[in-house]
Number of protein chains: 2
Amino acid sequence: MLHLPKDLILASASPRRIQLLRQVGLEFRAISASIQEEYNGRKPVEFAVDMAVEKASSVAASLEQAIVLAADTIVVLGDKILGKPSDAKEAKEMLHSLSNRLHEVITGYCIYDRPSNNVIKNYELTKVWFRELENEEIESYVNSGSPLDKAGAYGIQDDFGAVFVSRIEGCYYNVVGLPLAKVYNDLKHCIANNVM
Amino acid sequence: MLHLPKDLILASASPRRIQLLRQVGLEFRAISASIQEEYNGRKPVEFAVDMAVEKASSVAASLEQAIVLAADTIVVLGDKILGKPSDAKEAKEMLHSLSNRLHEVITGYCIYDRPSNNVIKNYELTKVWFRELENEEIESYVNSGSPLDKAGAYGIQDDFGAVFVSRIEGCYYNVVGLPLAKVYNDLKHCIANNVM
């Protein structure tokens, strides 16, 4: 796959993002980035990209030579941004609100080069349709615990998640947490043009 | 998840289909079905469904009590059906023909009940867009061996496959080999209506 000119750092402790980046054969180290997420009325795309830049720069600050990749995934339903649910009750509410509707999944990402401080910001948007969910299905899924650490209270790669989604338009991996094709192409472009 | 009234048999030895069906928490046994695949000028959907029915009935014939699930996935480019490539050369040709174009992935499936011989036939269609592929990427991917046992010479779940696909419209799992949401709903419907 790609041969990067320096170490790649994934600014994330998310097991899903780590697995996705491994899937495309890239070698990297993962360093957790903890930031405060506050919407402050920003538009969804702007918010997701800002969060990714904050994560990338917070990790890049401590590195002399590296390419840092960070991402932030949000679920947008109408004009509401759904983050991770705070408890099982909120997870059930989120799933009820997604039932039989279309929502959007946006991942903002940032590639931050050290020491040049060159920055690439980008995002991917996927439309996701849920079929009508039954109470029992929502209960069983939330009781499994899986929805609690996921934006919008579901994972398309989960048991129930896989059968809740009737259709998507866009990149599948974006819904899991990292738009592999777009990130890969941006990295390839950076190397070809000596941006890093 | 679903509680089936009798044993579920997957009429397939495909490791991808076995993994997908496991993902949604269903218990089943896999029995390989070997049939001859000949297009004979049939339309793609008709062909995929016919193949699924053939696989299901060939396995069901030897069972007294069971629900048999079979599926057949094909890749359709323009008016051509792409099956599994016969060798590395054909795999490279297929990938070149898919580059920078839209194609369709169709999975026909069949749920065959024993002893009632009730049959449900259905299919799912997903549109898949490939970005422009570089010669080097095609070479590396085919040399990995993975394209050789896959219809259309790629797996969207592979390392290279994941970064070749820029966008899909429809069900992701259908592209991997089994449309989980639709199959699950059909099984649920069968149980609720005592079709099995």
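The values are calculated or read from the model by the stated rules, or taken from the named source; none is laboratory data. What you are looking at is a predicted structure, and each value in this text was computed from that prediction instead of being measured. As a convention, Cβ positions derive from the backbone with ideal geometry for all residues, glycine included, and neighbour counts pool all protein chains shown.
Table for the structure above
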quantity: Subset of region B:122-149 (residues that are in contact (Cβ under 8 Å) with a residue 60 or more places away in the chain and under 14 Å from the mean Cα position of the chain (by Cα)); calculated: B:Asn122, B:Tyr123, B:Leu125, B:Asp149
quantity: Unmet criterion (only one of (1) over 14 Å from A:Ile9 (Cα atoms); (2) part of a loop (DSSP other than H, G, I, E, B); (3) away from chain B (no Cβ under 14 Å); (4) free of Cβ contacts under 8 Å to residues at least 60 places away in the same chain) for A:Lys84; calculated: (4)
quantity: Residues of region B:64-94 satisfying the condition of being modelled with pLDDT of 95 or more, surrounded by fewer than 18 Cβ atoms within 10 Å (Cβ to Cβ) and either in contact with a Lys or Arg (Cβ under 7 Å, 6 or more places away or on another chain) or hydrophobic (A, V, I, L, M, F, W, C) (or both); calculated: B:Glu64, B:Gln65, B:Leu77, B:Ala88
quantity: Boolean, A:Glu136 is within 14 Å of chain B (Cβ to nearest Cβ), assigned to a helix (DSSP H, G or I) and surrounded by fewer than 21 Cβ atoms within 10 Å (Cβ to Cβ); calculated: yes
quantity: Filtered residues of region B:7-38 (kept if of a type outside the set (Val, Ile, Thr), away from chain A (no Cβ under 14 Å) and in contact with a Phe, Trp or Tyr (Cβ under 7 Å, 6 or more places away or on another chain)); calculated: B:Leu8, B:Leu10
quantity: Residues satisfying the stated conditions in region B:154-177, i.e. surrounded by 24 or more Cβ atoms within 10 Å (Cβ to Cβ), among the hydrophobic types (A, V, I, L, M, F, W, C), at the interface with another protein chain (Cβ under 7 Å from one of its Cβ atoms) and in contact (Cβ under 8 Å) with a residue 40 or more places away in the chain; calculated: B:Cys171
quantity: Tally of residues being of a type outside the set (Ser, Thr, Tyr) and in a loop (DSSP other than H, G, I, E, B) across region A:1-24; calculated: 10
quantity: Condition met for A:Val142 (in a helix (DSSP H, G or I) and at the interface with chain B (Cβ under 10 Å from one of its Cβ atoms)); calculated: no
quantity: Test: A:Asn122 is of a type outside the set (D, E, K, R), at pLDDT 95 or above, touching a Lys or Arg at 6+ places or on another chain (Cβ under 9 Å) and surrounded by fewer than 16 Cβ atoms within 10 Å (Cβ to Cβ); calculated: no
quantity: Residue that is nearest to B:Asp186 (Cα to Cα) [pool: residues in region B:91-118 that are of a type in the set (Asp, Glu) and within 21 Å of the chain's Cα centre (by Cα)]; calculated: B:Asp113
quantity: Residue match in region A:182-196 (condition: of a type in the set (A, V, I, L, M), at pLDDT 95 or above and not in a helix (DSSP H, G or I)); calculated: no
quantity: Subset of region B:12-31 (residues that are free of Cβ contacts under 8 Å to residues at least 60 places away in the same chain and of a type in the set (Gly, Ala, Ser)); calculated: B:Ser12, B:Ala13, B:Gly25, B:Ala30
quantity: Residue list for region A:51-63, restricted to those being farther than 17 Å from A:Asn122 by Cβ and part of a helix (DSSP H, G or I); calculated: A:Ser58, A:Val59
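Okay, residues lined up against (1) outside any loop (DSSP other than H, G, I, E, B); (2) within 25 Å of B:Asp159 (Cβ to Cβ); (3) β-branched (Val, Ile, Thr):
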site: A:Leu26; (1), (2), (3): no, yes, no
site: A:Ile35; (1), (2), (3): no, no, yes
site: A:Val49; (1), (2), (3): yes, no, yes
site: A:Ala70; (1), (2), (3): yes, yes, no
site: A:Leu125; (1), (2), (3): yes, yes, no
